[in-house]
Structure formats: structure tokens, C-alpha cells
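Report on the structure given below.
No lab work stands behind these numbers, since they all come straight from the coordinates. None of these values were measured; they are calculated from a predicted model. Heads up, the Cβs are rebuilt from the backbone with ideal geometry, glycines too, and the neighbour counts pull from every protein chain shown.
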Amino acid sequence: MRRTTYGAIGVAVVGVLALSGCQNNDDKGDGGKASNPPAAGSSQPSQPAQPSASAPAQGGGTAGGAGMAQAGQSFKIGEAAQIPFSYGTTTKGTIALTVTSIDQGQPGDLAPLKLGDQVKGKVPYYVRYSIKNTGTTDLAYASVGHIKGLLGDGTAAQDLMVIGSFDKCPSDSLPKGFTNGHTQTGCAVALAPSAATKVTSAEYWGDPFTLGKGITWK
């Protein structure tokens, strides 16, 4: 199990947010989103997880194959990275992943999520990306996650995982019939600790990579 404590925020409210303090890239085929939302009626917020100073899990592999992105490789925003992709235990393919923009939002954008003091003073950034199926496998209903924002000094921004719809940063599973050549866009929310600090780059750390040893866009 890949354990990370990279500072996520969550509340136990159906259709809004989920904790993301412990991710398992081997047995979670949905790219890190919770597969079983909390029971309806839960409304007590959980405490934000604090960033951990521990090193990421060892053993992160590089993406094999000619033309595939390698761990530690950096791309320009708008540049595609060719990577192997797996979802669950049976779906394996190849995608071209591109971070297309990192857009600064407004603190007020978070008001519908009702996080209150948990996000006081924080500024949301929207890491927008595109996925293109470049392999031969139908990737229908798979989810591409494990994308996070990085601050100007290279440290991880705090993640905000949303379950349900968030108009400022929509992200859905890949649709039916997502075969070779098909594309879809996605979005991940990253929180800067203050208006004085910006989210300037992004990292993909899904399989075969590990947190802190993935591929980045700047």
C-alpha cells in the first residue's frame, strides 16, 4: 500500500468532499477518489491532515517502453507526456497526459463546499489537464487521478478532493467507448496557503510513479 500524508482536506458530507490522506495506487482503480461515499446524513467535518515530512514510498518505477515519460521528467505546460495507464486489476493501456493550464481561483469559489475555517485564507488553483487514449484498450469508465499542484518552491500544495460536481473544476470518469484517439479533460484542485504563495506547477504520480518521483509540468 502506498501511504502518503501530503495534506488533504475533507468533510464527511455525501457528494462534496472526501479525505485523501492515504492513497493506495495498487488497489484503488479510481485514481484516488473514494469509491464508497460516506453514509447520508453525516455532517461532522474532519480535521485537515497535516503535511508530512516523511519521504515518499520507495520503489517508484519508471515508465517503461520507448517514448514513454520517465520518473523525474519535466514537461512544459501544454506538452503531452506519453505514459502507461492502469485502472483496477484488468484495464491497462497507454495515454497522453497533458497539463493544459494552472488557473488561480478566488477564495469565494470554495463557499459551496462549506469548509469554513478549514480553508480560511487559502486560495484555490485549478490544475486542468487532458487525457488522450493512445493505446489499443478501451478505457471506458476509468478515472485518471493522482495529479497535484506544487508551490513555487517545489513543495506540494494542499489537495482538495471533491466528490460530486464542482463547476469551477469539473472532472469525470472516462466515458463509454473511450478508445484510441478519444480525448477528455479533467481538473484537480490545489490550495495555496495564502494569496502571497502561488501554485506554479503540477505533478502526476500515479502508477508506475510515486509521490515526489513522478512527472511534472511547469
Please give the FRET efficiency for residue 155 paired with residue 68, using the beta carbon to beta carbon distance and R0 = 35 Å, rounded to the nearest 0.05.
-> 0.85
Search the structure for amide H atoms under 5 Å from the amide H of residue 85, placed 1.01 Å from N in the peptide plane, and list their residues when 5 or more places away or on another chain.
-> 93, 94, 95
Calculated from backbone phi, Karplus (6.51, -1.76, 1.60) coupling profile of the range 181-193 in Hz, x at Gly/Pro | x, 6, 10, 8, 9, x, 7, 10, 9, 10, 10, 7, x
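Please report 68, 161 as a ranked list, fewest other C-beta atoms within 10 angstrom at the top and most at the bottom. Before the final figure, lay out the partial values.
Working: 68 15, 161 19.
Least to most surrounded, the residues fall as 68, 161.
Between residue 90 and residue 165, take the C-beta separation as r, use R0 = 25 Å, and let me know the FRET efficiency to the nearest 0.05. Display every interim value, and only then the final one.
Values: r = 28 Å, r/R0 = 1.13.
The value I calculate is 0.30.
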How many nm separate the modelled label positions at residue 196 and residue 103, each set 7 Å beyond the Cα in the direction of the Cβ?
-> 2.8
